[in-house]
């Protein structure tokens with residue numbers, strides 16, 4: 001029997017439907033954690049603190065994306081002051097120097113040690129929940145008095161005990177976890193904007 005050729009339209013539709021299904025589960029299962037994360041970040045901003053973010057690969061891109069939303073603005077019709085958010089994934093001189101001299105495991109923890117202070121918040125993003133450099137950063141954040149928010153996948157990996165808030169996307173597929181992570185980040189940013197703008 002001849003093998004059936006894959007249908008690219010069906011592949012695209014299946015991917016998008018599964019992504020939507022996962023986001024539906026996030027809406028049902030993660031709402032409370034999302035709101036709690038937004039509250040922690042808004043409290044930090046209102047108290048003069050800042051938000052740090054770290055992740056690898058696609059999660060590194062998500063860190064930069066979300067930091068940009070906070071420093072710039074998510075919704076242009078909501079006028080507000082700039083909010084201090086720093087992606088720890090962007091300083092290539094530091095990242096390459098530290099990784100070359102001391103290994104990649106501590107590239108984020110070192111920046112948390114240098115830049116973080118009590119009252120700040122760290123978002124650590126890891127789809128697997130096992131990224132050694134994110135775990136090291138979360139541990140350093142706890143040591144330095146930061147609050148930890150974790151974006152991860154279904155199991156939480158090795159990070160479940162390291163977060164003040166752990167948002168576990170109920171999927172084991174990296175791409176769908178990442179698609180939900182950026183949606184979650186946008187929701188958190190909107191909730192924070194509404195809070196700091198005095199809408200509630």
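Bear in mind these aren't lab numbers, they're just calculated from the coordinates by the rules spelled out. As the structure is a computational prediction, the values presented were derived from the model and not from experiment. We place every Cβ from the backbone using ideal geometry, glycine too, and count neighbours over all the protein chains shown.
A few remarks follow.
- Here residue 158 passes the criteria (1) in a strand (DSSP E or B); (2) surrounded by fewer than 20 Cβ atoms within 10 Å (Cβ to Cβ) except the one numbered (1).
- Screening residue 138 on (1) touching a helix residue (DSSP H, G or I) at 6+ places or on another chain (Cβ under 8 Å); (2) under 27 Å from residue 183 (Cβ atoms); (3) crowded, with 24+ Cβ neighbours inside 10 Å shows it passes everything except condition (1).
- When residue 5 is tested against the conditions (1) more than 17 Å from the chain's Cα centre (by Cα); (2) surrounded by fewer than 11 Cβ atoms within 10 Å (Cβ to Cβ); (3) assigned to a helix (DSSP H, G or I), the lone failure is (3).
- There is at least one residue in segment 113-128 that is assigned to a helix (DSSP H, G or I), touching a residue at least 12 places away in the same chain (Cβ under 8 Å), more than 28 Å from residue 173 (Cβ to Cβ) and touching a strand residue (DSSP E or B) at 6+ places or on another chain (Cβ under 9 Å).
- Matching residues, segment 66-91, being assigned to a helix (DSSP H, G or I) and under 15 Å from residue 122 (Cβ atoms): 66, 67, 70
- Members of segment 51-69 that are under 24 Å from residue 144 (Cα atoms) and surrounded by fewer than 21 Cβ atoms within 10 Å (Cβ to Cβ): 56, 60, 64
- Segment 180-200, subset buried (at least 20 other Cβ atoms within 10 Å of the Cβ) and farther than 23 Å from residue 25 by Cβ, residue farthest from the chain's Cα centre (by Cα): 193
- Considering residues of segment 16-33 that are touching a helix residue (DSSP H, G or I) at 6+ places or on another chain (Cβ under 8 Å) and assigned to a helix (DSSP H, G or I) only, the residue surrounded by the most Cβ atoms within 10 Å (Cβ to Cβ): 26
- Selection from segment 70-89 of residues that are within 15 Å of the chain's Cα centre (by Cα) and either surrounded by fewer than 20 Cβ atoms within 10 Å (Cβ to Cβ) or more than 16 Å from residue 194 (Cβ to Cβ) (or both): 85, 86, 87, 88, 89
- Of all residues making up segment 135-155, the number that are assigned to a helix (DSSP H, G or I) and over 25 Å from residue 47 (Cβ atoms): 2
- Within segment 163-179, at least one residue is part of a loop (DSSP other than H, G, I, E, B), surrounded by fewer than 22 Cβ atoms within 10 Å (Cβ to Cβ) and in contact with a strand residue (DSSP E or B) (Cβ under 9 Å, 6 or more places away or on another chain).
- In segment 140-153, the residues that are free of Cβ contacts under 8 Å to residues at least 40 places away in the same chain and farther than 15 Å from residue 125 by Cβ: 140, 142, 143, 144, 145
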